[in-house]
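Below is one structure, written out as structure tokens; the observations come after it.
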Amino acid sequence: MKILGIESSCDETAIAVIDDTKKIYCDAVFSQINLHQLYGGVVPEIAARSHLEIIHDFTKTSLERHDIDLNQLDAIAVTSGPGLIGGLMVGVNFAQTLAHLLNIPCYGINHLEGHALCVRLSHDIAFPYLVLLASGGHCQILAVRNVGDYVLYGQTLDDSAGETFDKIAHLLGLAYPGGPEIEKIAQYADTVIELPLPLTNQQNCNFSFSGLKSAIRRKILAEKSDAESMTKGVLSQQKIANFAFSLQQNIADIFSNRLTHALARFNEEFNITNPIIALVGGVASNKVIRQKLSDFCKSEQARLVCPPQNLCTDNAAMIAWAGIERITANNASTDLTLYPRNPL
């Protein structure tokens, strides 16, 4: 069974072809980063226009480059939500049209399910397992019982971890996207700046990052307005590094704290020796956070599993794989209703 995956929920146009043996024939991503850098974040109208302009030719040339015959495809899996409605519309309309021409089924896939299941594409792991999904638009902890069977343990009450990286990076004068820039400069830090740990005194698995963003913003602005500074209004590279390092450590500590409660609940329900925690989403690309959560898991007799970096950020291989998982489990849906918001 060979599946074409299409992803266009945010600022990347992605296509991939994989089969049910986990062989990846094609995995291509067109990034719009250069279009959104000026604004320090994704502009929905610009993103949708870019998807519309390039999706046909990008798909055609990517498939030709990998010698993939469209007539060998058995189905198409496309992200139908959650995401930016304009980009979703472009991807779904393109997928529907192509599926109609090829006379093959087209399945709608939840973007978050793609992230939650992609760890089974990159690793040989069985159900159930825990997922910490942290990206630019989402932050939640899920128990993955089976394909299509997910229990939400906790989620952000306001902002996501990825958005926090982007917004603070912009405030520090770093480029978009902020996560990689924060990680890059953080290695030069020489001081830890004390920051709040929201909700960590509560016995649940929810997140909150708005207060953290406000606290670090106040500290940054205070540094910039320091009358004693010879570079008033501009932070030194050292201070930028210190803020970046402290934010990175702080978010990792928040993750560990929330996972403590999630593990307790998961172990009570399943009583599994050495349970698996999958860290997925764009924030999973951060090596420092990966290491800190790996250390946390070892201390809790659990095992951290992360997909390779190309499967952490938005991609179409995870959408195609979710399609294969759904088809194999006999619960794939051809409902292509678009939904900008829909928790998993």
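Give the residues of the stretch 117-172 that are part of a loop (DSSP other than H, G, I, E, B) and under 30 Å from residue 214 (Cβ atoms), sorted by residue number.
Those that are part of a loop (DSSP other than H, G, I, E, B) and under 30 Å from residue 214 (Cβ atoms): 135, 136, 137, 138, 157, 158, 159, 160, 172.
So which strands (runs of 3 or more DSSP E) stay within the stretch 1-104 end to end and still have 2 or more residues that are open to solvent by 10 Å² or more (accessible area, probe 1.4 Å)?
Of the strands (runs of 3 or more DSSP E) lying wholly inside the stretch 1-104, those with at least 2 residues that are open to solvent by 10 Å² or more (accessible area, probe 1.4 Å) span 12-19, 24-31.
Within the bounds of the stretch 166-176, is there any residue that is within 19 Å of residue 256 (Cβ to Cβ), in contact with a helix residue (DSSP H, G or I) (Cβ under 7 Å, 6 or more places away or on another chain) and of a type outside the set (Asp, Glu)?
Within the stretch 166-176, not a single residue is within 19 Å of residue 256 (Cβ to Cβ), in contact with a helix residue (DSSP H, G or I) (Cβ under 7 Å, 6 or more places away or on another chain) and of a type outside the set (Asp, Glu).
Let's see how each residue does on (1) without any contact (Cβ under 8 Å) to a residue 40 or more places away in the chain; (2) at negative phi; (3) not in a helix (DSSP H, G or I):
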residue: 188; (1), (2), (3): no, yes, yes
residue: 193; (1), (2), (3): no, yes, yes
residue: 212; (1), (2), (3): no, yes, no
residue: 219; (1), (2), (3): yes, yes, no
residue: 256; (1), (2), (3): no, yes, no
residue: 259; (1), (2), (3): no, yes, no
residue: 263; (1), (2), (3): no, yes, no
residue: 273; (1), (2), (3): yes, yes, yes
residue: 293; (1), (2), (3): no, yes, no
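Filter the stretch 314-343 for residues that are within 20 Å of the chain's Cα centre (by Cα), surrounded by fewer than 21 Cβ atoms within 10 Å (Cβ to Cβ) and not basic (Lys, Arg) and give the result.
338, 339, 340, 342, 343
The values are calculated or read from the model by the stated rules, or taken from the named source; none is laboratory data. Not measured: the values here are computed from a predicted model. Here Cβ is always computed from backbone atoms with ideal geometry, including for glycine, and neighbour counts include all displayed protein chains. In case anyone asks, the SASA skips ligands and DNA or RNA and just uses the protein heavy atoms, side chains included. Shrake-Rupley method; radii C 1.70, N 1.55, O 1.52, S 1.80 Å.
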